[in-house]
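**Q** Sharing a structure here in structure tokens format.
The values are calculated or read from the model by the stated rules, or taken from the named source; none is laboratory data. The shown structure was predicted, so the numbers you read here are calculated from the model rather than taken from an experiment. Don't worry about glycine lacking a Cβ; one is built from the backbone with ideal geometry, like all the others, and counts go over all protein chains shown. Remember, those area values only see protein heavy atoms, side chains included, never the ligands or the DNA or RNA. Shrake-Rupley method; radii C 1.70, N 1.55, O 1.52, S 1.80 Å.
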Amino acid sequence: MLVSLIGSNGFLSRYIGLYCNKYFIELNVYGRVKPISYKFNKFCRVDLLCDELDYKDLAKSDIIIYAAGAGVQFHLDESKDAIYNLNVMLPISICNNLKKYKYQGAIFTFGSYFEIGENLENKSFSEKEILHSQLKSPNDYTISKRILTRYFESFNNCDSTFTKLHFILPTIYGETESSYRLIPYILNGIREDSNLTVTSGEQIRQYLYIEDVVSIIFSSIKANLESGIYNLCGAEEYSVKELVLYLFWLNKKEIPNNIFGKIKRVDTGMKILKLDGGKLEKKIGKISYHRILDVYKKYFLNNNYETKTNSSPSL
């Protein structure tokens, strides 16, 4: 099996690469910078914002995983053009060009439960409900992901020679994620005994470990999953405040006074984001998940862990 990975050094890309290495899967990688944490069979240096992909070469793949994107890490302040080009226009262009080459394999792309929008209702959204959500969108990242998901819903209803799998993701986490994200921000603050500031902590989110995401991708391949949009629900759900309190408890530390409500984020209107993952589980069987309890110590062992507790965390 030949896997082609588009996006070389992102959070998800690294774990896909490591999975392929572990199971001796042939891997070609397309991106600006050569992978630094996993091995590959071929690297194609390409700036996805301005260079053309070699679609003839790409069409030789059994599996294509589009793991590039922009806008999810708010502190990077990426341009609107980059967000829409990477999150919408390029995946659409790839699919259109693969049709020209009569591609026979499968392509994976990803959405986000941010597509739900500014929701206050305590419910888990199905794929159909996400597709038809009219709730207010707080940013261009959310809008771009909504556009891509709606495109794939229409595209999957057309005749095509290849399989198109679009996975809607919850909050994914893992020990090599950006230090600006909530879990490493809190754990590093605990380790360094530094001052921490977070939101009021009322937002409820689902959390899914990064290795579980990759495992589900390859389980879907083995199961010959049919084209469609599928939710990957989180293994656990917490309010931000509950998660912060839990991380302090796991580390047997007392939580400092007055750390909540010190900052405000643009996504605070998205009070509750939850996915219903029943559709996917019916197709590929029961999924075994890691939990934060199982993996939080890996953050302290990670050699690439950065110390940046002076900045506010990103969810």
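**Q** What's the total number of residues in region 42-51 that are farther than 21 Å from Val88 by Cα and either in a helix (DSSP H, G or I) or touching a residue at least 24 places away in the same chain (Cβ under 8 Å) (or both)?
**A** 1
**Q** Take region 25-37 and flag every residue that is assigned to a loop (DSSP other than H, G, I, E, B) and within 12 Å of Gly10 (Cα to Cα).
**A** Hits for region 25-37 are Arg32, Val33, Lys34, Pro35, Ile36, Ser37.
**Q** Can you tell me which of Lys56, Lys145, Lys136, Lys123 is loosely packed, with under 15 Cβ neighbours inside 10 Å and under 19 Å from Leu232 (Cα atoms)?
**A** Lys123
**Q** Can you name the residue in region 180-198 that is open to solvent by less than 10 Å² (accessible area, probe 1.4 Å) and not hydrophobic (A, V, I, L, M, F, W, C) and, of all such residues, is farthest from Glu226 (Cα to Cα)?
**A** My answer is Gly189.
**Q** Kindly evaluate Lys128 against the criterion of being without any contact (Cβ under 8 Å) to a residue 40 or more places away in the chain and over 30 Å from Phe248 (Cα atoms).
**A** Numbers: without any contact (Cβ under 8 Å) to a residue 40 or more places away in the chain: yes; over 30 Å from Phe248 (Cα atoms): yes.
Yes; evaluated as a whole, the condition is true for this residue.
**Q** Would you please list the contacts, defined by Cβ atoms under 7 Å and residues six or more apart or on different chains, that run from a residue in region 264-280 that is at pLDDT 95 or above to a residue that is basic (Lys, Arg)?
**A** The qualifying pairs are Leu273/Arg205; Lys274/Lys123.
**Q** Further question on the same structure: Between residues in region 287-315 that are surrounded by fewer than 13 Cβ atoms within 10 Å (Cβ to Cβ) and outside any loop (DSSP other than H, G, I, E, B) and residues that are modelled with pLDDT of 50 or more and among the aromatic types (Phe, Trp, Tyr), which pairs lie under 9 Å by C-beta distance while being six or more apart or on different chains?
**A** Note: pairs meeting the criteria are Leu293/Tyr246; Asp294/Tyr209.
**Q** Within the bounds of region 73-89, is there any residue that is farther than 22 Å from Ser219 by Cβ, part of a loop (DSSP other than H, G, I, E, B) and touching a helix residue (DSSP H, G or I) at 6+ places or on another chain (Cβ under 8 Å)?
**A** No - not one qualifying residue is present in region 73-89.
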